[in-house]
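Step one of this worksheet: look at the structure below.
We did not get these values from a lab; they are worked out from the coordinates using the rules stated. Since this is a predicted model, take the numbers as computed values, not measurements. All Cβ positions, even for glycine, are placed from backbone atoms using ideal geometry, and neighbour counts span all protein chains on display.
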Amino acid sequence: MCGIVGYIGAREAFPILIEGLKRLEYRGYDSAGVALINSDHEMSIYKEKGKVSNLEQRAVGHDTSGSTGIAHTRWATHGEPSSVNAHPHLSESGRLALVHNGIIENYGNIKEYLTGKGYHFKSSTDTEVLVQLIEFVQQRFHLELGLAVLYALRRVVGAYAIAVLDREHPDEIICARKSSPLVVGIGENNSEYFLASDALPIVGYTKHILYLNDEEVAVIRCGKEITIKNLANSRDQVAPNVHDVDIDLDKLEKGGYPHYMLKEIFEQPRCISDCMRGRLMPSEHRIVLSAIHLHRDRLLNAGRFIIVACGTSWHAGLIGKQMIEQFCQVPVEVEYASEFRYRNPVIRQDDVVIAISQSGETADTLAAFALAKEKGALCFGIVNSVGSSIARASDTGIYIHVGPEIGVASTKAFTGQVTVLTLFALALGHEMGVLSQKLYEEHIEELARIPEKIKQILEHNDYIRDLARTLTYARNTLYMGRGMNYPVALEGALKLKEISYIHAEGYPAAEMKHGPIALVDENMPVVFVATHHRLYKKIISNIQEVIARNGRIIAIVTEGDQEVKALSSFVIEIPETLETLAPLLSVIPLQLIAYHVAVAKGLNVDQPRNLAKSVTVE
Ligand code: AGP
C-alpha cells in the first residue's frame, strides 16, 4: 500500500511529483523516491528514508530538471524502510527505473533465475526483481519497452501497479496494474499525462481520468493517444475508457483544522446529509435506493446476506447485520475478508455478498468479493472511493458520498457506511413488507435529525479533550457496549489503538465476566457505551461489576441520564435517539477521545506508525 505518481509533458515534473506524493502519503510514508529524465536523456534518482519532506530535502541543490518522471512513497512489505529499499529501483544497466505498489509473490524464483543469468540485486525488495526481469526480456527479445513489460508481467504472480521509465526514451512512460489501483489523468489533447494510485494527486490538473483495469498495460506518449493492451492479448488494443471526475480540491485541504482526522470528525453532520441526499425523503415518508430496484428480485429473495470487510468497515458490517436481521428478517453473516477468502466458504446462488470498504481497494475484501462473484452470488458494494476496484467489481451498490477521507483512522466513512446500511435495511425491509410502516416512518424522521444531533455532540469537543488528557497515562483500556453499541465499543477501541498506541479491547459488556474482568483494577479505564436501550439495566450491572474491582468508568450516556452518571468518573452526554440509530451518535465521542489522547501524547494523528490508509496487499 504505497503511493505512485508519474508525469510526462511540458512542465517540470519534480514539483508535480512531490506534491502528488504528499497527497498520497496516507498510503505509506516510511520512505520515498523519484526518477527524472531530462531532454539530454540523463536520469536523476533521489531516494530517502522517511516522509516525502525528507526526499524533498535530499534533492535540494541537485539537478531535478526534466519533464518526465515517476515517484513513490512506500509502506514496506519486503525489505525494511531504507534509502536502498526505497523506490524507484534501477535495472542492471541503469537504463530502466521502476516504481511499484503491491507484492510480487514469486519474486524468489525469478530472482534465482536472473541471478543465474548474471543479474545483481542491491535491495532486499521484491520490486527490484521486476525491473531486472523487464530488462532481461527487453534485451533477450529486442522488444520495445511496452511489449517487454507485457511479456515480463506474464511471468509474475502477485499484485502490482507499476510505472517504468527508459532513459533512452524520455518521451514515454509504461504503466500496468493487477489488483493494485492505478489511474491516468489526460491533459487537453493528450498534451500531458499524469498517473497515480488514485485521483487525488491528479484532479488539480485534469478532470479526464482513466481507471486502468486489471492486467492492462498502458503506453503513454505525449501528444499521442494512450495505448492499452491486456496481458492475455499482446496484439489488440483496449479502447481507453475516460471518465470526467469532479473532486473539489478544497475538500483535500485541512480547512483550518490541525489534523485531517479532526476535520473529518467535524465534517460528519454534512457528510451524513450528503450521504442521505436524494435517498432519504422525509417529506414523502420514503427511502429511495436505485441499487434495490436494479436487482429487486435477487435482493427480495436473498437467502442470506454475507458482509465481507476489514477493520472499521467490518465494525460497520456488524451494525448492518443487526439492522438487516431486524428490519428484513433475513440471516446475515459478517466475515473478516482475510479469513473468508481462504476458508473455502459455502456461497450459494441466492446469497447476496456485501463488500464494505472506504478505499474500495482493500486487497482481502476485493478477493473475497471476487470469490463471491465466482460462486454466483450477487455482489453488492458499499464504497466511498468512486471508481475504485471494489466499486467496479460490484453488480450493484451504494456510494457513501462522504468525500475523500485522508486521515488513516477512519471516522466519517464509518458513520457514512452505517448510514447507508441503515437506509438499505429500512428500504429493503419495507419493500419486503416485513418492516411496519410505522417503524419505517419513525426511522425516516429520526434519521433526518441525526446530522443536527451530531453537531450537538461536537460542541462537547473541549470537555472531551480535557477528559481525554486524563487517559494519556493508560497502557490498557477496555471498551464495553451491548446490542447496537457493542460494535461501537469495538470501533472506539480500534480508534484508540490506531492513533494513541494504547492497547484497547472492545467487548460485549456481558462477556466481561467471562475473562476480561481479570484485567480490571484502579489503573484500567473502562469506557462504557451506555445509552438508553432495551439492555440499559443490564449494562448498569456490568458497570457495577467493574466498580467492584476499582475500575475507572467513563460512560457515553443519553442526555439527562442520572443512574450511570452516579456510577462514573466521567460521562459524555449525547442526544436521545432510536436504539437502532444510537451508533451514529455514540461513536462520535469515542472518535474524539482517541483523537485528543493521541494529540496529548504528541503523536502523528493523521499518519500513525505502521499503518496506511488503504491496504492493497494481503
Ligand atoms: C480504520 O481506521 C483503519 N484505517 C482500517 O482498519 C480500515 O478500516 C481497513 O483497512 C479497511 O479499509 P477499507 O474500508 O478502505 O476497506
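Note that segment 605-611 has calculated 3J(HN,Hα) couplings of 5, 7, 10, x, 4, 6, 10 Hz, one per residue in order, obtained from phi through the Karplus relation 6.51 cos²θ - 1.76 cosθ + 1.60 (θ = phi - 60°); glycine and proline are x.
Spacing of the modelled spin labels on Gln237 and Glu374, each 7 Å from Cα toward Cβ, amounts to 3.4 nm.
With contributions of -39500 (n - 2.57) from each DSSP H run of at least four residues, the per-residue ellipticity at 222 nm computed over the chain stands at -11000 deg cm²/dmol. Counted by Cβ distance under 13 Å from Asn233, the other residues give a net charge of 0, where Lys and Arg count +1 and Asp and Glu count -1. Glu573: net charge of surrounding residues, Cβ under 12 Å, Lys/Arg +1, Asp/Glu -1, itself excluded? It works out to a net charge of -2. Sorting the segments 50-61, 115-126, 190-201 by their mean number of nearby beta carbons within 10 angstrom, highest to lowest, gives 190-201, 50-61, 115-126. For segment 258-349, the alpha-carbon coordinates run over 45, 38, 22 Å along the three principal axes, in decreasing order.
Residues whose amide H comes within less than 5 Å of that of Ile306, counting only those at least five positions distant or on another chain, are Glu333, Val352, Val353, Ile354 (H built at 1.01 Å from N in the peptide plane).
Each Lys or Arg adds one and each Asp or Glu subtracts one; over the other residues with Cβ under 13 Å from the Cβ of His293, this totals +2. Classify segment 340-387 as rounded, prolate or oblate from the Cα gyration tensor: take a ≥ b ≥ c as the square roots of its eigenvalues, call it rounded if a/c is under 1.5, otherwise prolate when a/b beats b/c and oblate if not. Since a/c reaches 1.5 but b/c is at least a/b, the shape of segment 340-387 is classed as oblate. Against the chain, whose longest principal axis comes from its Cα atoms, helix 583-600 is set at around 60 degrees.
Close amide H partners of Gly158, meaning residues 5 or more places away or on another chain with modelled amide H under 5 Å apart, are Glu105.
Helix 13-24 axis versus longest C-alpha principal axis of the chain: approximately 20°, rounded to the nearest ten. Panel order for Val164, Val157, Val245, Val615, by other beta carbons found within 10 Å of each beta carbon, from fewest to most: Val157, Val245, Val615, Val164. Net charge dipole, segment 186-267: roughly 280 debye, given to the nearest 20, about the Cα centre with Cβ charges of +1 for Lys and Arg and -1 for Asp and Glu. Sorted from greatest to least, the principal axis extents spanned by the alpha carbons of segment 279-414 come out as 46, 38, 25 Å. Any idea what diffusion coefficient segment 169-291 gets from Stokes-Einstein, in µm²/s, Kirkwood Rh on alpha carbon pairs, 20 °C, 1.002 mPa s? Diffusion coefficient, whole number: 123 µm²/s. Amide H to amide H, with H built 1.01 Å from N, His243 comes under 5 Å of Ile209, Leu210, Tyr211, counting only residues 5 or more places away or on other chains. Shape class of segment 114-161 from the alpha-carbon gyration tensor: oblate, with a/c at 1.5 or above and b/c at least as large as a/b.
Working note: Cα gyration tensor of segment 29-135, eigenvalues times five, square-rooted, sorted largest first, giving semi-axes of 24, 17, 10 Å. Across segment 115-122, computed HN-Hα scalar couplings (Karplus, 6.51 cos²θ - 1.76 cosθ + 1.60, θ = phi - 60°) run 4, x, 8, x, 7, 10, 10, 8 Hz from first to last residue, x flagging Gly and Pro. For the chain, the longest principal axis of the alpha carbon atoms and the long axis of helix 536-547 meet at an angle near 80°. About its Cα centre, the dipole of segment 50-187 is roughly 280 debye, where the only charges are +1 on Lys and Arg Cβ and -1 on Asp and Glu Cβ. Shape class of segment 95-185 from the Cα gyration tensor (axes a ≥ b ≥ c, square roots of the eigenvalues): oblate, since a/c reaches 1.5 or more and a/b does not exceed b/c. Summarising the strand pairing of the chain, around 60 percent of its internal DSSP beta bridges are antiparallel.
Distance cut-off 20 Å, Cα to Cα: go down the list Lys207/Lys254; Lys321/Lys613; Lys263/Lys455; Lys49/Lys254; Lys412/Lys538 and report the pairs above it. Checking Cα-Cα distances, Lys207/Lys254; Lys321/Lys613; Lys49/Lys254; Lys412/Lys538 exceed 20 Å. Computed from Cα atoms alone, the Kirkwood hydrodynamic radius reported for segment 343-487 is 18.1 Å. Quick one: compute the contact order of segment 267-403, relative version, from alpha carbon pairs under 8 angstrom and 6+ residues apart, as a percent. Reported relative contact order: 24 percent. Cβ-to-Cβ counts within 10 Å put Tyr479, Tyr160, Tyr440 in ascending order as Tyr440, Tyr160, Tyr479, the fewest first.
Over the Cα atoms of the chain, the radius of gyration divided by the Kirkwood radius equals 1.00; this is the Rg/Rh ratio. Dipole check for the chain: with +1 at the C-beta of Lys and Arg, -1 at the C-beta of Asp and Glu, and the Cα centre as origin, the magnitude is about 900 Debye. For the chain, the relative contact order works out to 11 percent when only alpha carbon pairs closer than 8 Å and six or more residues apart are counted.
Look at the alpha carbon pairs under 8 Å that are at least 6 residues apart: their mean separation over the length of segment 503-618 gives a relative contact order of 19 percent.
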